[in-house]
1. Dividing the Cα convex hull volume of segment 1-114 by residue count, how many Å³ per residue is that?
2. Per the Cauchy relation, a quarter of the hull surface: what is the mean projected area of the convex hull of the alpha carbons in segment 86-164, in nm²?
3. Explain nothing, just the number: dipole magnitude of segment 135-273 about its Cα centre with +1 on each Lys and Arg Cβ and -1 on each Asp and Glu Cβ, in debye rounded to the nearest 20.
4. So which of 219/251; 26/300; 32/313; 125/146; 125/219; 146/251 end up more than 22 Å apart by C-alpha?
5. For the chain, list log₁₀ I(q)/I(0) at each q in 0.09, 0.10 Å⁻¹, using the Debye formula over Cα point scatterers of equal strength and ignoring solvent, two decimals each.
6. Could you tell me how many degrees, from 0 to 90 and to the nearest 10, lie between the Cα long axis of helix 155-164 and the main elongation axis, the longest principal axis, of the Cα atoms of the chain?
7. Taking only the Cα atoms of segment 154-268, how large is their convex hull per residue, in Å³?
8. Could you compute how fast segment 35-96 diffuses translationally, taking Rh as the Kirkwood radius over C-alpha pairs and applying Stokes-Einstein at 20 °C with viscosity 1.002 mPa s? Give it in µm² per second.
Amino acid sequence: MSMQDHIIIVNQFHPETLERLDSTYKTHHLWKLRHPEQNQLLESLEGRCRVAASASWICDPIIYRLKSLELIAAFGVGVDGVDLETTQNLNIRVTNTPGVLDDGVADLAMALVLATMRNIVAANKFSRDGQWSEGPFPFGTSMAGKTLGIAGLGRIGSAIALRAEPFKMNIAYHNRQPRRLPYTFCESLEDLAQISDILVCVLPGGDETDNLINASVLKKLGPSGILVNVGRGNSIDDDALIDSLRSGSIKAAGLDVYKNEPQIPDAYKTLDNVILLPHIGSATEETRRAMGHLVFDNIKAFLQSGTLISEVK
Ligand code: NAP
Ligand code: 8YV
């Protein structure tokens with residue numbers, strides 16, 4: 001590593017990490033430039049810059065023009081923003097930040113499970129609006145004995161399951177492959193929805209998961225069913241979910257992620273039985289700092305010895 005190592009910062013992600021990169025390397029902030037200047041910068045760095053750092057959920061494809069690029073260090077675990085086919089063809093290695101955000105995202109998933117089952121957001125409004133003096137707040141649903149279905153039981157899904165166990169919930173899941181875990185495996189999302197009281201979706205983004213949570217899955221979840229999504233917005237068929245929430249064919253939903261963030265379909269905002277969060281699963285000081293450390297450490301290891309700590313394979 002030398003002070004002369006050049007790093008391209010593709011976009012804005014975590015200010016503290018960007019400051020650390022700025023003070024350690026010769027950084028070039030691509031996102032601050034207009035298109036013609038971006039091309040000029042990339043041309044000027046050709047042969048001199050091997051590393052780019054980017055948010056994982058979005059990455060400007062202009063970066064692939066830099067022929068000397070060898071590493072994209074992504075901030076985030078879901079690398080749906082990086083074109084992995086292109087990086088593979090161009091021999092660009094990619095790292096992400098797995099593991100360090102599992103607890104933070106799992107905490108938020110449980111917050112959405114609790115908030116939807118006990119109707120916490122409406123109860124808060126009910127108290128503030130003085131409605132209590134007119135009668136009691138409607139009953140919620142107990143966690144104990146209910147089945148929590150997890151669509152995408154990987155690192156984050158496992159952390160959610162561990163949290164659901166002490167709530168005395170039964171745990172079921174659907175992945176493409178079953179895992180050696182003491183939870184009920186379902187061959188399909190329909191089967192999982194059928195046996196779930198609450199379906200928590202932690203699926204990654206990408207074409208393979210597009211609209212997997214569709215009308216047929218929601219119908220199986222049924223009128224007392226609850227859907228929580230902390231994975232990626234593309235996995236939900238929004239029209240089907242809005243219809244199901246509006247008609248009462250499912251009870252409620254809690255969403256942290258959406259197809260075209262930061263846009264949220266207006267129809268959701270007209271419904272009282274959906275909680276809408278602004279993609280805050282990993283948004284704690286501690287988690288974001290740990291993600292930033294992993295980005296930094298991957299870059300450092302690569303520049304010092306050509307090794308990587310968390311390469312996307
Ligand atoms: P992971 O360990 O790779 O887990 C993903 C799981 O999904 C795996 O168990 C995988 O099992 C399953 N899966 C993948 N494709 C599937 C498909 N087509 N059908 C059914 N199951 C499928 O990933 P993770 O670290 O838990 O992260 C999961 C996702 O959470 C990320 O990709 C990201 O999009 C999202 N995320 C959101 C936030 C937030 O702030 N809300 C924060 C971090 C991450 P199989 O391979 O056996 O199918
Ligand atoms: C984002 C995420 O990085 O890791 C992921 O895949 O979705 C999040 O942790 C975070 O939301 C930054 O905006």
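1. Convex hull volume per residue, Cα atoms: 119 Å³.
2. 8.3 nm²
3. 580 debye
4. Long pairs (Cα-Cα over 22 Å): 32/313; 125/146; 125/219.
5. Values, matching the q order: -0.52, -0.63.
6. 30 degrees
7. Output value, Cα hull per residue: 101 Å³.
8. It comes out at roughly 184 µm²/s.
The values are calculated or read from the model by the stated rules, or taken from the named source; none is laboratory data. Everything numeric in this text was worked out from a predicted model, so none of it was measured. In this analysis, Cβ positions are derived from the backbone assuming ideal geometry, glycine residues included, and neighbour counts consider all displayed protein chains. Heads up: the accessible areas ignore ligands, DNA and RNA and are worked out on the full protein's heavy atoms, side chains in. Shrake-Rupley method; radii C 1.70, N 1.55, O 1.52, S 1.80 Å.
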